[in-house]
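Novice: Could you have a look at this structure, given as structure tokens, before my questions?
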Amino acid sequence: MKDNWIAPSILSADFARLGEEVQQALKSGADVVHFDVMDNHYVPNLTIGPLVCEALRKHGVTAPIDVHLMIKPVDRIIPDFAKAGASYITFHPEASDHVDRSLQLIRDNGCKSGLVFNPGTPLNYLDYAMDKIDMILLMSVNPGFGGQSFIPYVIDKIHEVRQRIDASGRDIRLEIDGGVKVDNIREIAAAGCDTFVAGSAVFGAGKDSDPNRYDSIIKALRDELAKARA
């Protein structure tokens, strides 16, 4: 079994103090920095671009940066995020004219590649792409805004994707994004996920004046993950 990764989404962070917030979350035990990139076209919101990724690298962030592209089209921006310091780049297959080509473009630019599936998106895109995928991200909310509640039927989708990954024998991470909290992360992990995006659950915790305010929430998430493997 893969190590569990906790990936706070900076969408819920204080952008006036973004470098500090990210460093504190990583110091408290987070593993990955998750970027939600929205274009006000594919999804109804506008967020961040490669310059923010580059700024965090220049700030000293060395942890993996996991870039989730909720944009259409995707190919134009992939090299920019790779140059800015992205580690993983994932995109929605319906936002690409040529899924295989987009996946290969990510790898050609030195990053690990992945596909993202909305709650209602079928998984048939995986039938022809597993050999070019390093991560599968399942959305457990409809993308566009942070702070939404987990959609329960996505648990069944997690089971199905886990079966596909195991049957392939490939080294592919299974990530979940949307409404992940202490009270549901154990069930999500038991279904087969190993990478957990948690935005408001992490960056909404504690008081801004407390430099260790993320310690308790990340420990609580870890404790629940340990129970899932017990």
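Readers should treat all values here as calculations from the given coordinates under stated rules, not as data from a laboratory. All values derive from a computational prediction rather than experimental measurement. Cβ coordinates were reconstructed from backbone atoms using ideal geometry, including for glycine residues, and neighbour counts include every protein chain displayed.
Novice: Could you go through the range 136-143 in sequence order and give the Karplus-derived ³J(HN,Hα) for each residue, using 6.51 cos²θ - 1.76 cosθ + 1.60 with θ = phi - 60°, rounded to whole Hz, and x for Gly and Pro?
Specialist: Those phi angles translate into 10, 10, 9, 7, 9, 9, 7, x Hz.
Novice: When we measure straight from the Cα of K157, which lysines land under 22 angstrom away, once same-chain ones fewer than 8 places off are left out?
Specialist: K2, K132, K181, K227
Novice: Once you list every other residue whose beta carbon is under 14 Å from the beta carbon of Y125, what net charge do they have if Lys and Arg are +1 and Asp and Glu are -1? Intermediate values should be presented prior to the final figure.
Specialist: Numbers: positive: R101, K132, K157, R164; negative: E94, D97, D100, D127, D131, E160.
Value of the local net charge: -2.
Novice: Ordered by residue, what ³J(HN,Hα) values in Hz, to whole numbers, does the range 156-167 give under the Karplus form 6.51 cos²θ - 1.76 cosθ + 1.60, where θ = phi - 60° and Gly and Pro are x?
Specialist: The phi angles translate into 4, 5, 4, 4, 5, 5, 4, 4, 5, 5, 4, 5 Hz.
Novice: Just need the relative contact order of the chain here, percent rounded to a whole number, with Cα pairs under 8 Å and 6+ apart. Present the calculation step by step, with values, prior to reporting the outcome.
Specialist: Values: 443 pairs, mean separation 47.8, N = 230.
Worked out over the chain, it gives 21 percent.
Novice: Roughly how many debye, to the nearest 20, is the charge dipole of the range 5-229 about its Cα centre, given +1 on each Lys and Arg Cβ, -1 on each Asp and Glu Cβ, and no other charges? Provide the component values of the computation, followed by the final result.
Specialist: Details: 24 positive and 31 negative charges, 69 e Å.
Result for the range 5-229 is approximately 320 debye, rounded to the nearest 20.
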